[in-house]
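Report on one structure; see the data block that follows.
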Amino acid sequence: MLTDTERYPWDPGRDVRFFPERKHAPKFPKGFPFLLRFYRFAAGLPISPNYHDYLEIFCVHHGSGMLFIEDKTYRMRNGDIFLIGNDEFHSLQIGEPGSLEAVAIYFLPRLVHSPGGYPLDVEYLRPFYDKRRGFSHRIPQGQFPETLLPGSVPAMFDELTRKKPGYRLAVKSLLLAVLVGFVRYYEKRRPAAAFSPDPRPQFQKLTKVFDYLRENYQQPIALRTAAGMAGMSVSYFAKVFKRTTGGSLLDLVLRMRVDKASQLLIQTDLPITEIAFRVGFENHSYFDRVFRRLARTTPREYRRKVRAQIALR
């Protein structure tokens with residue numbers, strides 16, 4: 001686990017919680033698509049499903065909760081490491097009581113391997129793409145060398161902060177060592193085999209639906225309409241959508257509405273009933289029921305609790 005935690009810039013993660021699109025797109029430094037983030041999420045916070053173009057290493061420093069990656073559910077514990085690929089829908093639910101502290105490493109695949117590059121380099125990315133039956137995104141605490149993670153995090157942070165000559169090379173070298181560790185971890189649990197990164201054509205067919213929902217999540221949408229956008233039959237669309245997002249079309253719409261409502265509860269003084277109508281609920285009671293199910297608290301209590309946590313920081 002990390003020591004001397006106060007030296008790190010802990011962030012409440014609002015850019016993760018309330019970004020305007022379902023696609024999370026942080027701004028990478030020019031010429032170096034790598035970011036190191038330290039998050040301290042509020043207790044009881046639901047984060048609606050999202051996806052991104054980069055690869056993510058998510059390391060739980062302290063706290064608990066649930067992480068949902070497509071159709072899989074994982075319980076988060078101190079020291080757990082999760083590998084999240086690009087175009088994998090995922091969301092998390094922070095446990096009670098307290099908050100969740102986590103370190104996230106974001107990097108684009110091309111930092112390690114680009115099409116037409118040295119073929120061996122693609123092996124670094126095998127754990128993110130070679131997901132056979134029984135694959136787990138979670139590496140439990142104690143099963144991965146701490147000298148690699150979280151041991152390399154302070155060194156990465158120092159290099160990125162001081163920016164001495166060659167710091168990008170140093171950070172990339174540290175990242176590659178971690179990736180080799182992942183390759184070895186997973187190879188112990190399955191036989192080696194040739195592979196190629198998954199182009200995920202089914203995911204690409206759903207992007208029109210995601211784009212539509214991003215702009216129109218307040219409006220009702222029929223399953224048949226969404227299936228038509230993706231060029232699929234209704235039954236096949238429902239199967240692909242659930243495998244991709246971990247839930248039904250309605251599940252995603254409701255999570256998006258609750259996510260936006262959470263933002264309005266914190267950032268505005270609007271009456272709760274008005275917030276419910278703004279995000280697409282027809283009545284206050286249905287909004288309250290859905291919010292309770294997803295956030296495990298009432299809208300009023302959520303507003304009070306999160307504002308109190310923010311005031312203490």
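The values are calculated or read from the model by the stated rules, or taken from the named source; none is laboratory data. Predicted model, so just to flag it, every value in this text is computed and none were measured. Methodologically, a virtual Cβ is constructed for each residue, glycine included, from the backbone with ideal geometry; neighbour enumeration extends over all protein chains shown.
Looking only at residues in segment 118-134 that are assigned to a loop (DSSP other than H, G, I, E, B) and surrounded by 14 or more Cβ atoms within 10 Å (Cβ to Cβ), which one is modelled with the highest pLDDT? First the steps, then the outcome.
Going residue by residue through segment 118-134, those that are assigned to a loop (DSSP other than H, G, I, E, B) are 118, 130-134.
From what's left, surrounded by 14 or more Cβ atoms within 10 Å (Cβ to Cβ): 130-131.
Details: 130: 77, 131: 72.
Among residues in segment 118-134 that are assigned to a loop (DSSP other than H, G, I, E, B) and surrounded by 14 or more Cβ atoms within 10 Å (Cβ to Cβ), the one modelled with the highest pLDDT is 130.
Quick check, is residue 301 within 23 Å of residue 216 (Cβ to Cβ), charged (D, E, K, R) and free of Cβ contacts under 8 Å to residues at least 12 places away in the same chain? Explain how you work it out, then say what you get.
Working: within 23 Å of residue 216 (Cβ to Cβ): no; charged (D, E, K, R): yes; free of Cβ contacts under 8 Å to residues at least 12 places away in the same chain: yes.
No, not satisfied.
Could you say whether any residue in segment 165-181 is modelled with pLDDT under 95 and over 29 Å from residue 126 (Cβ atoms)?
no
Restricting to segment 137-147, what's the tally of residues that are of a type in the set (A, V, I, L, M, F, W, C) and modelled with pLDDT under 90?
Total meeting the criteria: 0.
Within segment 219-258, track down each residue that is β-branched (Val, Ile, Thr) and not in a helix (DSSP H, G or I).
Correct list: 221 only.
Out of all the residues in segment 279-295, which are part of a loop (DSSP other than H, G, I, E, B) and surrounded by 16 or more Cβ atoms within 10 Å (Cβ to Cβ)?
Applying the first criterion (part of a loop (DSSP other than H, G, I, E, B)) to segment 279-295 yields 279-283.
Matches in segment 279-295: 279, 280, 281.
Is one or more of the residues making up segment 273-285 closer than 22 Å to residue 92 by Cβ and either acidic (Asp, Glu) or modelled with pLDDT under 90 (or both)?
Keep residues of segment 273-285 that are closer than 22 Å to residue 92 by Cβ, which gives 279.
Still in the list and also either acidic (Asp, Glu) or modelled with pLDDT under 90 (or both): none.
There is no residue in segment 273-285 that is closer than 22 Å to residue 92 by Cβ and either acidic (Asp, Glu) or modelled with pLDDT under 90 (or both).
List every residue pair whose Cβ atoms sit under 7 Å apart, with the two residues 6 or more apart in sequence or on different chains, where the first one lies in segment 127-143 and is without any contact (Cβ under 8 Å) to a residue 24 or more places away in the chain and of a type in the set (Asp, Glu) and the second, anywhere, is part of a loop (DSSP other than H, G, I, E, B) and buried (at least 19 other Cβ atoms within 10 Å of the Cβ).
Listed by first residue and then by second, the contacts come to nothing, as the list is empty.
Answer yes if at least one residue in segment 297-304 is crowded, with 22+ Cβ neighbours inside 10 Å, over 30 Å from residue 224 (Cβ atoms) and at pLDDT below 90, and no otherwise.
yes
Among all residue pairs at least 6 apart or on different chains, which show Cβ distances below 9 Å where the first residue, located in segment 257-271, is within 14 Å of residue 301 (Cα to Cα) and not assigned by TED's automatic domain parsing to the domain that holds residue 282 and the second is modelled with pLDDT of 90 or more and crowded, with 23+ Cβ neighbours inside 10 Å?
Note: no pairs meet the criteria.
Can you confirm whether residue 152 is of a type in the set (S, T, N, Q), at pLDDT 90 or above, more than 25 Å from residue 12 (Cβ to Cβ) and assigned by TED's automatic domain parsing to the domain that holds residue 13?
No.
For every residue, the table says whether it meets (1) touching a Pro at 6+ places or on another chain (Cβ under 9 Å); (2) at pLDDT 85 or above; (3) of a type in the set (A, V, I, L, M).
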residue	(1), (2), (3)
196	no, no, no
212	no, yes, no
231	no, yes, no
254	no, yes, yes
257	no, yes, no
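Please work out if residue 148 is outside any helix (DSSP H, G or I) and within 16 Å of residue 178 (Cβ to Cβ).
yes
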